[in-house]
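Read-outs: derived from the displayed coordinates by stated rules, not from any lab. Only a predicted model underlies this, so the values are computations on that prediction, with no experimental measurement involved. Virtual Cβ from ideal backbone geometry, glycine too; neighbours counted across all protein chains shown.
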Amino acid sequence: MRGTQQRPDGGPAQGPVAPARRSAAGTAFLAVAGLFLVLTLLIAAGTVLGAAVLGALALLGAGIAVGAYGARRLGGNPSAQREAELAARLAAAEAASRRAEAESEAKSRFLAEMSHELRTPLNTVMGFSEMMAQEVLGPHRIPAYGGYARDILASARHLLALADDLLDLARIESGHRVLLETSVRLDLLARETLAMMAPEAKRRGLSLHADGAPLRLWADERALKQMLLNLMGNAVKFTPAGGEVRLVFGLHDGVPVIRVEDTGRGLAERELPLDDARHRESRVDLSSGRGAGLGLAIVEGLAALHGGSLALTRRAGGGTRASLVLPAGRVLAPEPPAVTGAAA
């Protein structure tokens, strides 16, 4: 059985004129030829009035025949044909969208399952390697074994963090990440973030600073803290010794803005768009081999869940600025001052 050839625009293929169309054309030709012959004979016989009447009938018959042929040639109702083509294209687009959604859901489910399966063996590796590094069961006869155990522990922690990032990203993409929104003091959360990053910053020879007035937001505290830690972690990781990392927050025209600025080497032009952050390693730390792609994708996803956005820019004096912008509707009124003293 032969297949039907399709046009590039999705319409039906144009082929030879169908027999029905050829018969309509033949009918029109025969009608005009026959009536013309009769008209000629009547004129020759001198019947002018009859010739005029039959001439009008001939033209009417020819018009009807040609109109019927034209209608068949156009395939009936042109408007209905266009609507049918449009409906077919819409159905194809909807089917493609459903396939894309199914593929995305399958990918997110795979990432979630893989991350979950990695956690159990990684926790076992971390537990035993930590015991070996601390020489819980006695000193090693070969001192180098202690260093090997510490290397194993560091690598296992890195893999566990990566598994957690994959799980978070899968939950965000699949829509299973639900915000638990409460009143959050951004200034206190920034102070906690700096305290958590202080040991790593000290080890790398960096200085940390925070600048901002007290500010209350309606947000998911855990998600907001994760965003701050990811942005601060990237800044600390890619800033050389002697550099500085700043966490600046506040209201700009009533909109809450959080900025993390560093004095590192900055981003390359190809690294600025965040659209493909989850498919690449944005930058690589040569000492640890870690990239910032997943962390930025998670921050961008959590910001979107809050109705906000994340943007990366290069600082004029060198380094990178990550700007997290949240909706103005998430700003809460300041807390009322505490009442001191007992009532009389």
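Annotations for the structure displayed:
- Modelled FRET efficiency - R0 45 Å, HIS176 with ALA92, Cβ distances, 0.05 increments: 0.90
- Going by neighbour counts of Cβ atoms within 10 Å, the residues MET126, MET232 line up, fewest first, as MET126, MET232.
- Ranked by how many other Cβ atoms sit within 10 Å of their own Cβ, fewest first, the residues GLU181, GLU113 fall in the order GLU113, GLU181.
- Calculated FRET efficiency for the pair VAL257/LEU162, C-beta based, R₀ 41 Å, to 0.05: 0.90
- Sorted largest first, the principal axis extents computed over the alpha-carbon atoms of the range 99-174 equal 59, 15, 14 Å.
- Extension gain, GLU101-GLU113: 0.36 nm per intervening residue step, less the Cα-Cα distance, totals 2.5 nm.
- Both radii were evaluated on the Cα set of the range 80-213; the Rg over Rh quotient, with Rh as the Kirkwood radius, amounts to 1.23.
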